[in-house]
Amino acid sequence: CAGSPAAGTAAAAVPPDLGVMHDMMPCTPPAILEANGNLSCRCLKSTRAFIPPERYSSIEVWPVGSSCRRPEVVIKLKSLKRVCVDPDTPWMKKLLQDLPHL
């Protein structure tokens, strides 16, 4: 950033293709950060479609946190594909409720 104390020094040490996000953050206008509060969410989109449990390899459940303002559920399929599922879908709510007992 122009005017920042480290301008020119950090950029010279880091190759252009390895830009580091935290080096750019102070230069980003605060309004953009506030408008897009889900910068670190894993899921950009999620499905509500039912996925049969026999296709699952694993399930990852990520609660609301400082980096993402919504809960996220990621199902890893046996095909190694990862699918984000809407945690508010009735079938997913039931699965999450039963998960500790499986």
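What follows draws every value from the coordinates through simple rules; no lab data is involved. Quick caveat, the model's predicted, so the values are computed rather than measured. We place every Cβ from the backbone using ideal geometry, glycine too, and count neighbours over all the protein chains shown.
Among Leu96, Leu44, rank each residue by its count of other Cβ atoms within 10 Å, from fewest to most, as a rough exposure measure.
Numbers: Leu96 15, Leu44 7.
Ranking Leu96, Leu44 by Cβ neighbours within 10 Å, fewest first, gives Leu44, Leu96.
Take the Cβ-Cβ distance between Leu77 and Arg48 as r, set R0 to 25 Å, and report the resulting FRET efficiency rounded to the nearest 0.05.
Numbers: r = 17 Å, r/R0 = 0.66.
So, using R0 = 25 Å, E works out to roughly 0.90.
Over region 53-101, what lengths in whole Å, largest first, do the semi-axes of the equivalent ellipsoid take, defined as the square roots of 5 times the eigenvalues of the alpha-carbon gyration tensor?
Calculated on Cα positions only, the semi-axes equal 18, 14, 9 Å.
Give a residue-ordered list of calculated ³J(HN,Hα) values for region 51-68 (Karplus: 6.51 cos²θ - 1.76 cosθ + 1.60, θ = phi - 60°; whole Hz; x for Gly, Pro).
Coupling constants for region 51-68: 10, x, x, 5, 8, 6, 9, 7, 10, 10, 10, 10, x, 4, x, 5, 8, 8 Hz.
Stretch Ser66-Gln97 to full length: gain in nm at 0.36 nm per residue minus the Cα-Cα span? Before the final figure, lay out each step's value.
Numbers: separation 31, 0.36 × 31 = 11.16 nm, distance 2.39 nm.
Gain in length upon complete extension: 8.8 nm.
Quick one: what are the phi-derived ³J(HN,Hα) couplings along region 76-83, Karplus 6.51/-1.76/1.60 with θ = phi - 60°, whole Hz, x for glycine and proline?
In residue order, the calculated couplings are 8, 7, 4, 6, 6, 6, 10, 10 Hz.
Sort 83-91, 50-58 by packing, meaning the average of other beta carbons within 10 Å per residue, with the highest value first. Please report the intermediate quantities before stating the final value.
Values: 83-91: 15.8, 50-58: 10.9.
Peptide ranking by packing, descending: 83-91, 50-58.
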